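Novice: Here it is, the structure in full.
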Amino acid sequence: MVCTDRSAACLYGFGRPASPADLCPQILAIRPGVAAVCAVHPMPMRGAHLAAGCVQSLSWCPQSLACRARVGVGADPRLGRSAGLWHSRQAHGAFGGGQQFLTIKAIQNKNRHLFHYWSQHGDATQRNATQRNATQRNATQRNAFCNKTIGQLGIALQLLLLGGLAQAQGAAGRPAAQAQELPAIEVVGDDAPQSYVQKQSSAATGLALDLRETPQTVSVITQQRMRDQQTQTVGQALEQVSGLTTSVNDDNRQQIVSRGFEVENFRIDGNLLDSNNTRPNLNLSAMYERIEVTKGATGLLSGTGDPSATVNLVRKRADRRQFTAELDAHAGSWKNLGLAADIASPLNAAGTLRSRLVLAHQRGEGFRDLKKDRLLTVYGTVEADLSAHTRLSLGLSHERKHTDGSFWGSLPFYFSDGTRTNWRRSQTTAARWNRWDLHQSNAFAELEHSLANGWQWQSALNYTRKYEQSNQLWLYGSLDRHTGLGLQGEPYLWKQTPDNIDFNTGLTMPFQSLGFAQQASIRLHYNRFKGGWKGGGEDANLLNPDESSGDVIGNFFTWDHHSPAPIWGELPTGSRFTTTQKSVSFASRLQLAQPLKLILGGRYSHWERDNQQAAWTPQAYVQREKVFVPYLGVVYDLTPNLAAYASYASMFKPQEKKDRHGHYLAPVRGNTVEAGLKGAWLNDRLQGTLALYQTRQDNFAAPDEGHVVPGTTDTASRAVKGAKVRGYELEVNGRPHPRWDVSAGWSQYSAKEPDGSHLNAHQSRKVFKLFAKYDASAQVPGLSLGAGLRWHSRPPIELENPGTGVREAAGQPAYALVDLMARYQVSPRLALQLNVHNALDKSYYQLSQWWTDSMSWGEPRRVQLSLNYLFD
């Protein structure tokens with residue numbers, strides 16, 4: 001066969017001509033959002049159906065969004081039950097319009113065969129009508145039909161069908177009228193960008209599994225949800241995740257809690273980031289395709305941490321073989337302005353070298369006095385198909401945030417006489433010289449290579465470096481309700497420059513066993529985090545009138561936030577340490593029977609922390625731990641749409657406390673037992689999860705009264721049984737109707753520490769979140785309307801009243817926030833959108849994670865108008 005670069009046959013294998021050994025498939029690289037397209041050469045048939053005899057496995061190449069076929073004889077169990085056609089479930093971001101459907105008909109013509117395809121949007125009625133009309137066309141009509149541009153597939157279908165029909169008819173000269181039609185089978189395309197549903201994720205186990213067969217709760221904020229709700233930062237997006245609660249400690253530190261424990265594990269494209277290296281409200285969301293949150297213990301992938309959740313940030317990829325560009329601009333409350341550009345382009349004619357560039361800038365004020373923010377994100381990536389089986393990805397990103405007048409700490413919750421304070425929502429404790437700077441840079445390289453039998457080798461290297469400096473005036477103390485006196489001030493300068501290296505490499509190995517397709521993986525991990533900080537305020541000269549009392553502001557009620565900027569002295573090194581983790585992990589998905597799947601895995605880690613001598617570490621020491629973390633899950637299909645599951649997952653967290661013998665306490669160990677139901681309906685366009693769970697943490701460090709650590713005056717510690725959390729979650733996402741997109745979730749839990757007190761008591765125990773969007777184009781062409789509700793119960797926290805000495809409920813009473821949106825599609829390229837957050841302007845407060853007698857106000861009503869323009 002003589003091939004040209006643009007022929008359907010030569011597009012197989014990214015330009016490699018199909019050899020006789022390939023038997024039948026020609027693969028056409030198509031735009032994202034549609035199922036695979038395959039034309040068939042004359043071939044010997046050994047199966048009852050064309051697909052069963054021809055295509056052994058058909059799948060998307062990860063991120064490249066081109067399809068491949070591996071040829072073999074005999075049916076693959078992953079192919080459909082009736083005619084052996086594969087059902088696309090692989091999860092990658094799609095490009096272009098809404099949910100795509102590709103219908104394939106197999107036409108048997110004695111010893112040569114052809115797949116006939118067409119695509120359309122819309123509901124089932126429209127698809128059925130299209131099928132009936134297409135069936136009545138003869139071969140000439142089919143040619144004419146496929147020459148037209150049909151949605152996203154027009155060009156692809158034209159190339160494929162013209163070449164395929166010419167070969168099918170020209171080789172034998174027999175008309176298509178002699179063909180015998182087999183039943184039409186619908187193949188659902190890849191995840192559409194205009195969806196709230198993610199069909200597949202590797203966030204829980206490292207294996208690319210359907211969410212329905214992942215035995216843990218995985219919540220996903222898709223790109224479309226981020227767009228609809230205009231979540232400009234990662235922190236804002238996480239506030240919308242079902243089951244997560246957030247609190248703001250100050251302007252640049254945000255606590256995220258899942259199932260009673262703080263979320264400390266963050267990953268980027270599956271690669272580990274140290275929690276100290278992540279600031280959710282630093283990262284603009286423009287460079288991310290989606291955000292995945294796996295609830296419960298995730299030690300199989302993360303190793304250390306709490307059994308709370310792991311956040312995986314999935315970056316946009318250079319996966320587009322045609323030029324596209326997208327421009328977003330917005331303006332909103334408190335003089336906020338933002339501009340973002342997303343540009344993707346092939347760098348050669350064949351599309352084997354591709355690029356993507358994301359630029360985002362945002363600036364404005366906050367609802368608190370003095371605050372001014374500037375945020376910048378620059379992200380670029382290049383992807384190259386080095387051969388038919390090898391792909392290399394390289395990328396760089398740089399993010400920065402500068403805050404003037406930053407709010408550090410919180411406002412007093414009580415006056416000194418025990419009466420409640422009632423601050424303006426714009427009130428701040430900041431001095432005019434307060435500022436906070438954060439810079440974060442990341443470089444990455446990824447290499448993927450396809451081996452024989454469908455095996456795939458993947459390696460990824462990520463390097464992240466951060467710079468952070470905070471110049472703050474911290475006010476604290478007991479404030480007199482009448483005089484405004486009593487607050488003391490402490491200036492503080494804090495710096496850190498941590499860096500993180502993460503490398504992993506491994507094999508993904510599909511195989512056949514017990515008559516089913518199975519999957520396994522083994523990976524090696526290496527992570528090194530170098531951290532520490534410098535800080536202090538003792539040498540600062542504030543030129544205050546009474547340095548002995550620390551009263552640098554006088555009457556707080558009349559203070560105008562002027563205070564002489566300190567002259568900083570030499571900063572002491574508070575901490576220096578290096579943490580290293582070396583691990584080997586394995587995971588497997590084993591189908592034991594038609595309805596029964598077993599997810600089995602484990603991770604063996606060697607963890608080491610080298611603590612160097614510093615102000616907060618009087619004596620250098622090294623901690624070492626070796627631990628095996630198991631993972632077990634079972635999924636049982638009750639019906640084609642509903643599955644029951646159960647899982648056991650664990651993780652560990654090394655400690656710095658010592659016992660009376662001078663030995664380090666054993667690591668805190670945590671585990672989550674979870675069971676529930678998962679469903680997927682309407683061709684996976686609607687998903688639901690019901691999860692019940694229990695989480696434990698053991699080896700908590702408690703004071704060992706009367707004993708000290710040998711050689712020190714420090715009180716010794718003892719290990720006690722830890723916290724216990726029990727709860728349940730209910731979540732529904734997707735498109736229950738062609739005009740409705742919905743995301744709804746309810747979560748409820750109880751969390752107790754070893755002494756019976758509430759864990760993270762400042763966080764709500766019951767939370768309901770809902771966002772729904774309605775396509776109103778039938779009433780007003782181009783119009784979409786949306787609304788959201790976030791309801792939080794009263795947190796169980798109690799504080800001691802300084803006036804009475806009695807503990808009393810102090811949490812914000814239950815409240816609800818209402819969000820509204822409207823988008824108007826002015827043209828196919830231009831859209832205008834209005835978002836109103838906290839539309840009813842509800843006043844609510846949050847108590848601090850660290851200073852429990854301090855509070856900060858939640859964000860008032862925020863209005864934002866945005867514009868989106870598409871280029872191609």
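Novice: Which listed residue (Gly338, Leu357, Val314) has the Cα farthest towards the positive end of the charge dipole for the range 292-363, taking +1 on Lys and Arg C-beta and -1 on Asp and Glu C-beta about the Cα centre?
Specialist: Among Gly338, Leu357, Val314, the one farthest towards the positive end of the dipole of the range 292-363 is Leu357.
Novice: Length gain on complete extension for the stretch Ala675 to Asp872, per 0.36 nm per residue less the alpha carbon to alpha carbon distance?
Specialist: Value of the extension gain: 66.3 nm.
Novice: Moving on to the next point. Which of the peptides 417-425, 761-769 is most tightly packed, and how do the rest follow, going by the mean number of other Cβ atoms within 10 Å of each residue?
Specialist: In descending order of packing, they fall as 761-769, 417-425.
Novice: Would you mind computing, in nm to one decimal, how far apart the modelled labels at Tyr621 and Gln748 are, each placed 7 Å from Cα along Cα→Cβ?
Specialist: 4.4
Novice: Also, quick follow-up: How do Leu799, Leu832 rank when sorted from fewest to most other Cβ atoms within 10 Å of their own Cβ?
Specialist: Neighbour counts put them in this order, fewest first: Leu832, Leu799.
Novice: Relative contact order for the range 324-871: what percent, with Cα pairs under 8 Å and sequence separation of 6 or more?
Specialist: Answer for the range 324-871 is 9 percent.
Novice: I need the peptides 349-355, 652-658 ranked by packing, meaning the mean over residues of other C-beta atoms within 10 angstrom, with the highest value on top.
Specialist: Result, highest mean Cβ count within 10 Å first: 652-658, 349-355.
Novice: While we're looking at this one, here's another question. Would you please put 311-322, 849-860 in order of how densely packed they are, using the mean number of other Cβ atoms within 10 angstrom per residue and starting with the highest?
Specialist: Listed from highest to lowest mean packing, they are 311-322, 849-860.
Novice: Further question on the same structure: Would you mind working out the magnitude of the charge dipole of the range 824-872 relative to its Cα centre, with +1 at each Lys and Arg C-beta and -1 at each Asp and Glu C-beta, to the nearest 20 Debye?
Specialist: Roughly 160 debye, rounded to the nearest 20.
Novice: Which aspartates and glutamates does Lys773 reach when only Cα atoms under 12 Å apart count, and residues fewer than 8 places away in its own chain are ignored?
Specialist: Reachable aspartates and glutamates: Asp228, Asp741, Asp819.
Novice: Whose amide H sits under 5 Å from the amide H of Ala517, counting only residues 5 or more places off or on another chain, with H placed in the peptide plane?
Specialist: Distant-sequence amide H within range of Ala517: Arg78.
Novice: Find, among the trypsin sites (Lys or Arg not before Pro) in the range 790-839, those assigned to loop by DSSP (not H, G, I, E, B) with at most 14 other beta-carbon atoms within 10 angstrom.
Specialist: Arg829
Novice: Can I ask one more? Would you mind checking which residues have amide H under 5 Å from Thr429's amide H? H placed 1.01 Å from N; only 5 or more apart, or other chain.
Specialist: Under 5 Å from the amide H of Thr429: Trp408.
Novice: Another question, if that's okay. Arrange the following residues from fewest to most other Cβ atoms within 10 Å of their Cβ: Met509, Met651, Met821.
Specialist: Ranking Met509, Met651, Met821 by Cβ neighbours within 10 Å, fewest first, gives Met509, Met821, Met651.
Novice: Here's something else I'd like to know. Using Cβ contacts closer than 10 Å as the measure, can you line up Ser777, Ser308 from fewest to most?
Specialist: With the fewest neighbours first, Ser777, Ser308 line up as Ser777, Ser308.
Novice: In terms of the Cα gyration tensor, with a ≥ b ≥ c the square roots of its eigenvalues, is the range 200-315 rounded because a/c is under 1.5, prolate because a/b exceeds b/c, or oblate?
Specialist: Because a/c hits 1.5 or more and a/b fails to exceed b/c, the range 200-315 counts as oblate.
Novice: Roughly speaking, what is the stretch gain from Ala646 to Ser843, that is 0.36 nm per residue apart minus the C-alpha to C-alpha distance, in nm to one decimal?
Specialist: Going from the current span to full extension adds 66.9 nm.
Novice: Using the eigenvalues of the Cα gyration tensor, what equivalent ellipsoid semi-axes result for the range 324-871 when each is taken as the square root of five times the eigenvalue, whole Å, largest first?
Specialist: Three semi-axes, in Å: 42, 34, 28.
Novice: Could you work out how much longer the chain between Asn555 and Glu656 gets when fully extended? Use 0.36 nm per residue separation minus the Cα distance between them, nm to one decimal.
Specialist: Once the chain is fully extended between Asn555 and Glu656, it gains 32.2 nm.
No lab work stands behind these numbers, since they all come straight from the coordinates. Remember, predicted model here, so these are calculated numbers, not experimental data. We place every Cβ from the backbone using ideal geometry, glycine too, and count neighbours over all the protein chains shown.
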